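FYI, it's all coordinate maths here, none of it is from the lab. Values in this document were obtained by computation on a predicted structure and should not be read as measured data. FYI the Cβ positions are ideal-geometry reconstructions off the backbone, even for glycines, and counts take in every protein chain you see.
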Amino acid sequence: MLFGKKKEITPEIYSKDTCLSCTEITKRHHEERDYVYGVGLQCKKCMSPNTIVTAIYGEYPEEDR
Ligand SMILES: [Zn+2]
């Protein structure tokens, strides 16, 4: 039997925005239009619109342990 008892878990996808004005790094849920070095969301700390996406990665939920 193949994969009979394996529980399928989909990782959550996150993006990291880095602010070019204050260097704040913001972790948030990935959106479809995101890509690495693309334009990020407005910085929540200094309200600057000059942010770039510096990382996109998946994380498994905590309950997996
Ligand atoms: Zn900022």
Name the residue that is farthest from the ligand (Cβ to nearest atom), counting only residues in segment 26-65 that are over 11 Å from the mean Cα position of the chain (by Cα) and among the hydrophobic types (A, V, I, L, M, F, W, C). VAL39
Pairs, first among the acidic types (Asp, Glu) in segment 11-39, second in a loop (DSSP other than H, G, I, E, B) and away from the ligand (no atom under 16 Å from the Cβ), C-beta under 7 Å, six or more apart: GLU12/PRO61
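Those residues that are exposed (fewer than 12 other Cβ atoms within 10 Å of the Cβ) and either farther than 15 Å from THR23 by Cβ or in contact with a strand residue (DSSP E or B) (Cβ under 7 Å, 6 or more places away or on another chain) (or both), I need them from segment 38-64; list them, please. Steps first, answer last, please.
Narrowing segment 38-64 to residues exposed (fewer than 12 other Cβ atoms within 10 Å of the Cβ): 47, 58-64.
GLY58, GLU59, TYR60, PRO61, GLU62, GLU63, ASP64 - these are the residues of segment 38-64 that are exposed (fewer than 12 other Cβ atoms within 10 Å of the Cβ) and either farther than 15 Å from THR23 by Cβ or in contact with a strand residue (DSSP E or B) (Cβ under 7 Å, 6 or more places away or on another chain) (or both).
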